[in-house]
1. Which number in (1) surrounded by fewer than 16 Cβ atoms within 10 Å (Cβ to Cβ); (2) out of contact with any Ser or Thr (no Cβ under 8 Å at 6 or more places or on another chain); (3) over 16 Å from residue 48 (Cα atoms) marks the one condition that residue 71 misses?
2. Return yes or no: is residue 93 within 14 Å of the chain's Cα centre (by Cα), at pLDDT below 90 and not in a loop (DSSP other than H, G, I, E, B)?
3. If I filter region 52-90 down to residues being within 18 Å of residue 8 (Cβ to Cβ) and among the acidic types (Asp, Glu), which single residue comes out as modelled with the lowest pLDDT?
Amino acid sequence: MEKSRLVCDACGAAIQVTGETNVMICPYCGAKYKIESAQLPEQDPLRGMIVRMMSNVGRSNFANLSLEQQDLVIAEIKDKVRQNKVIEAIQVVRIHTNAGLKEAKDIVDTIREHK
């Protein structure tokens, strides 16, 4: 049976899928994901790390956003980083996480290192 490794969108932990079930559960946070077909979605390896970092700062509500909303925020931050608009990227992180300046800068710096 073919195995695939995915990253939990909620906490960033590795999830191993064997294909024996149509539901996978994150062993770390318990998040459940339904697999509609044998084709597993491709994931951005950086996404799980960004979600984990942005969810674990201060009183962040980032983890409570829908996956679509999280993807939009992450895309906006990555776009700012790609355009070398670091200050604007930090502002977006701060708006969506309530992070302090240093915490937000650390998140953006991590994204810059992995782009």
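1. Only one criterion in (1) surrounded by fewer than 16 Cβ atoms within 10 Å (Cβ to Cβ); (2) out of contact with any Ser or Thr (no Cβ under 8 Å at 6 or more places or on another chain); (3) over 16 Å from residue 48 (Cα atoms) is unmet by residue 71, namely (3).
2. no
3. Among those residues, the one meeting the criterion is 68.
The values are calculated or read from the model by the stated rules, or taken from the named source; none is laboratory data. No experiment lies behind these values; they were computed from the predicted model shown. Note: ideal-geometry Cβ built from the backbone for every residue, glycine included; neighbour counts use all protein chains shown.
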